[in-house]
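Below is one structure, written out as structure tokens; the observations come after it.
The values are calculated or read from the model by the stated rules, or taken from the named source; none is laboratory data. As the structure is a prediction and not an experimental result, all values here were calculated from the model. Backbone-built Cβ (ideal geometry, glycine too); neighbour counts: all protein chains shown. Remember, those area values only see protein heavy atoms, side chains included, never the ligands or the DNA or RNA. Shrake-Rupley method; radii C 1.70, N 1.55, O 1.52, S 1.80 Å.
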Amino acid sequence: IKPTQEIIVKAIKYGMIFLLNYKGEKDKLFIGHERVIYPMVIGKSSKGKILIRGWHLNGWSVSSNRHMTKIWRMFRLDKILSNKPTGEVYNTPRPGYNFNGDKSMVSVIINAKFDNNPPQQTTPEPETPNEPQNPEGENIV
């Protein structure tokens, strides 16, 4: 199955793990190479290309000239020759996951959300000390 943006968006929403056949820029093999990825972010490049940031669980990477295991990788949607759900899902962020999107993309379409998303950092409001009051409610000075 040739993936579409809609398929990748659903995969990110539901944490679907994919086996994909990817043909990168340096890949001379006509059929590309298989990779297993957890798609985590989909967005656009400055040239308007659809990009997928995925946790590369397993597969061959020609650009790195070696077999890659468990690393963050960027994939162009138009370079994915086929994809197939493995039937497995992910439900936790991988090491180094950025909950705020991806700085390599000029716009993010969707990024993975998790129930265990770290709480947003908020600045605590300064406490106002309560002045002691007497039983009649008048301030004691």
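Around Thr86, under 12 Å between beta carbons, what's the net of Lys plus Arg minus Asp minus Glu among the other residues? Don't skip to the end; give the middle numbers.
Details: positive: Arg35, Lys84; negative: Glu34, Glu88.
Net charge in that neighbourhood comes out at 0.
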message = Heavy atoms of the protein only, probe of 1.4 Å, neighbouring chains included. What is the accessible area of Arg53 in Å², nearest 10?
response = 50
query = Thr86 accessible area, nearest 10 Å², 1.4 Å probe?
reply = 60
inquiry  = Let me check I've understood the local charge: for Lys2, count other residues with C-beta under 14 angstrom from its C-beta, Lys and Arg +1, Asp and Glu -1. What total comes out?
reply    = +2
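How do Ile12, Ile1 rank by accessible surface area computed with a 1.4 Å probe, from largest to smallest?
Ile1, Ile12
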ask   = How big is the accessible area of Asp78 in square angstrom, nearest 10, if you roll a 1.4 angstrom probe over the protein chains?
value = 80
